[in-house]
1. Roughly how many whole Å is it from the C-alpha centroid of the stretch 235-310 to that of the stretch 133-167?
2. Normalise the Cα radius of gyration of the stretch 136-187 by 2.2 N^0.38 Å (N = residues in it) and let me know the number.
3. Output needed for the stretch 109-152: three equivalent-ellipsoid semi-axes, defined as square roots of 5 times the C-alpha gyration tensor eigenvalues, in descending order, whole Å.
4. Round to the nearest 10 and give me the degree value, 0 to 90, for the angle of helix 73-85's Cα axis relative to the longest principal axis of the chain.
5. What's the angle, to the nearest 10 degrees (0 to 90), between helix 201-210's Cα axis and the longest principal axis of the chain?
6. Using only the Cα atoms, work out Rg/Rh for the stretch 14-151, with Rh taken as the Kirkwood radius, to two decimals.
7. Name the lysines eligible as straight-distance cross-link partners of residue 368: C-alpha to C-alpha under 25 Å, and not fewer than 8 places from it in the same chain.
8. For helix 34-53, what angle does its Cα long axis make with the longest principal axis of the chain, in degrees from 0 to 90 and rounded to 10?
Amino acid sequence: MAMAVVTGLLGWGQGALAQDIKLGMIAGLSGFGASYGASMQQGVEMAIKEINDAGGINGRKLVEDVADDASDPAQSVLAMQRLVNDHVDIVVGGWGSSMVLANMEVAERAGMPYIVVGASNPRITTKRNKWTFRILTNDNGHAVQLADLAVQTLHMKRIAVINDSNDYGVGARDIFIARLKELDESPVDVESYGSNDKDFTAQLSHIAAANPDGIALMGTLPAVPAILNQARDQGIDARFFGPAGLSNEAMITLAPEASQHTIATAYFHEDLDPQAKAWADKYTAMFKNAAQAPRPSQAVSAYRGVYMAADCLKKVGTDKDKVRLCLKDWHGHFFGLPPADLHFDDTNQLVVPVVIEEVQGKGFAVFKPAH
């Protein structure tokens, strides 16, 4: 997608610069989601630099207005309102389902085009949406695939579940368990925890007593690597698997042994096509000395979102209703995913496939089931 859009950008007008186009970026750059927010910020910065280096948007410079929502729903409402008050032309970002479910209401009331790149609860995209668009698969796609994988491919018979008690974890858990029941399976144990918890001894003791052969982990950093490490310390050797919250290179850094062979769904893998590999190499080189280590799997959705925004801003200008209609009609392909004609459905949810990957050594590899 990026290469195709960049090619188009090269032909854009090079005349005198008009007023800058303002892109709002909202995410948790502090709080428990800071690891994800920092990576998303890198993806936004990389895309904006490329676009401006290629001449901007019809000769106009694209500038960023960053709003840190502190990974907190109430703060996220205020952060989105601040972007609206700053008269940004479009917003890209949104990490964490609880934050997006709160801040999207501000965008909807204000008539602000909003491209969500980091939250997957199904309630984010409904037919009442007018201004909010999501470019990654929702929890239905992730959790159903994980249940099918566990039962039909890995032939697990005793599956435990541990989930964050926030909107992301609960949503993924409920869909996963419902799909298990459709497959004539039920979890042997279900446990939950708080996003900021650090000690998971009680939950893991209950899971150990259930003797699972697989554990569905519905959560994000910082809890995920701590859960993995503590589980192995308790002697639990069941295989962990979970949705894209686990697809974060920091999980491997923080749990290098305990995370091995963990399976996760993902929005990108550099081995799927040459363009993905070229992008990952460029991104890693660009941020190799940054305070936040480069994490391609977390930065790529924000990068894609900026290019999607730029594509419509180029075509229709900054009239917000025209941008909204342009997004609804958007079609394309994302590098680093299986080939598909991507498009939005009637809830403004992009119909997009996911990758299934597993931890091997110091990184993620595309999952290939044993035969």
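1. Comparing the Cα centres of the stretch 235-310 and the stretch 133-167, I get a distance of 18 Å.
2. With N residues counted in the stretch 136-187, Rg over 2.2 N^0.38 Å equals 1.07.
3. Ellipsoid semi-axes (Å, largest first): 28, 9, 6.
4. 10 degrees
5. 60 degrees
6. Radius of gyration over Kirkwood radius for the stretch 14-151 works out to 1.02.
7. Answer for residue 368, where 25 Å is the Cα cut-off: 157, 277, listed by chain and number.
8. 30 degrees
Quick note: the coordinates plus some simple rules give every number you see, no bench work behind them. Every value quoted in this text rests on a predicted model; they were computed, and no experiment measured them.
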